[in-house]
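Colleague: Below are the structure tokens for one structure; questions will follow.
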Amino acid sequence: MSEPVRLLVVEDEAHLAAGLKLNFELDGYQVDVANNARDAARLLARPNGYATIVLDIMLPDLDGFALCRRLREAGNYTPVVMLTARNASEDRIRGLEAGADDYIVKPFHLDELLARVRSQIRRARWERNRGGPAVGGDQLSFGRAHVDFAAHEVSVDGAPLHLTRLEFDLLRYFADNPARVVSRKELLEQVWKLRNYPNTRTVDNFVARLRKHFEVEAARPEHFLSVRGAGYKFVPEGNG
Ligand code: CA
């Protein structure tokens, strides 16, 4: 018998939380419920972590964005699926910026939420079990960094670095398009998969994150270059 897979549901609407717990349990999971961010933080501090966190945005104390950001800052990379109340791309962007892995809009079909949670668990398990670099996997070295895209492994000066899913996808897109100017619009469409977006500032935020991870001096980038009025250009060999 394998151990049950544990989920954390963070949702203050008691009725919805109970429904989610019941349905996840019917699907074979072991489920804890937190009705607010403080209880969630307490549960998350325990050893034997969760396979995935289902996180509502609207909570009575701290909102889901802030809770997710705190988790990531504390080095906790448990997959997070956010529940958003509106189909606003702004919420989706905020969630992804906070380090969430996926999101689902209320009201949602339970089957879809179950499928998304399963997919997060599969992906996390695959990342954990991949064991060693993939044979013939696509690899990239630039500056102080080495990236094994197939194995989802990134290191800087030999030290492993954890990228959020979106940081990783953005890096991969740059790597697939070296020395070419890519616009913010192209990045939002190809990496974020957005068709409508309130603004393109989120791209700048994420490029700033990549610079912080990989550049010697984030303020004087050598690999992730700004091209005024046009977008960004990734130069693996450096511009120096
Ligand atoms: Ca709520």
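The values are calculated or read from the model by the stated rules, or taken from the named source; none is laboratory data. Everything quoted here is computed from the prediction, not taken from an experiment. Glycine gets a Cβ as well: all are built from the backbone with ideal geometry, and neighbour counts include every protein chain shown. Side chains are part of the model used for accessible areas, which takes the heavy atoms of the whole protein and leaves out ligands, DNA and RNA. Shrake-Rupley method; radii C 1.70, N 1.55, O 1.52, S 1.80 Å.
Colleague: When LEU20 is evaluated against the numbered criteria (1) open to solvent by less than 60 Å² (accessible area, probe 1.4 Å); (2) modelled with pLDDT under 95; (3) within 12 Å of the ligand (Cβ to nearest atom), which criterion, by number, is the only one it fails?
Modeller: (2)
Colleague: Considering each residue of region 186-202, count those that are under 15 Å from ALA100 (Cβ atoms) and exposed (fewer than 13 other Cβ atoms within 10 Å of the Cβ), and give that number.
Modeller: Of the residues in region 186-202, 1 are under 15 Å from ALA100 (Cβ atoms) and exposed (fewer than 13 other Cβ atoms within 10 Å of the Cβ).
Colleague: Ok, one more. Hey, can you tell me all the residues within region 203-221 that are crowded, with 19+ Cβ neighbours inside 10 Å and more than 17 Å from PRO236 (Cα to Cα)?
Modeller: Selection gives VAL203, PHE206.
Colleague: Same structure again: How do the pairs read when you match residues in region 216-236 that are assigned by TED's automatic domain parsing to the domain that holds VAL203 with residues anywhere that are open to solvent by 80 Å² or more (accessible area, probe 1.4 Å) and part of a loop (DSSP other than H, G, I, E, B), using Cβ under 6 Å and keeping only pairs 6 or more apart or on different chains?
Modeller: Qualifying pairs under 6 Å: GLU222/ASN239; GLU222/GLY240.
Colleague: Given the criteria closer than 30 Å to VAL9 by Cβ, at pLDDT 85 or above and surrounded by 15 or more Cβ atoms within 10 Å (Cβ to Cβ), does SER119 qualify?
Modeller: Details: closer than 30 Å to VAL9 by Cβ: yes; at pLDDT 85 or above: yes; surrounded by 15 or more Cβ atoms within 10 Å (Cβ to Cβ): yes.
Here the answer is yes, as SER119 does meet what is asked.
Colleague: Additional query: Which of (1) within 17 Å of LEU110 (Cβ to Cβ); (2) within 16 Å of the ligand (Cβ to nearest atom); (3) of a type in the set (S, T, N, Q) does ASN36 not meet, given it meets every other one?
Modeller: Looking at each condition in turn, ASN36 falls short on (1).
Colleague: Could I ask something else about it? Check whether at least one residue in region 43-57 is within 16 Å of the ligand (Cβ to nearest atom) and either small (Gly, Ala, Ser) or modelled with pLDDT under 90 (or both), and report yes or no. Explain how you work it out, then say what you get.
Modeller: From region 43-57, those within 16 Å of the ligand (Cβ to nearest atom) are 53-57; that's our starting set.
This time we only want the ones that are either small (Gly, Ala, Ser) or modelled with pLDDT under 90 (or both), so: none.
No; the residues of region 43-57 include none that is within 16 Å of the ligand (Cβ to nearest atom) and either small (Gly, Ala, Ser) or modelled with pLDDT under 90 (or both).
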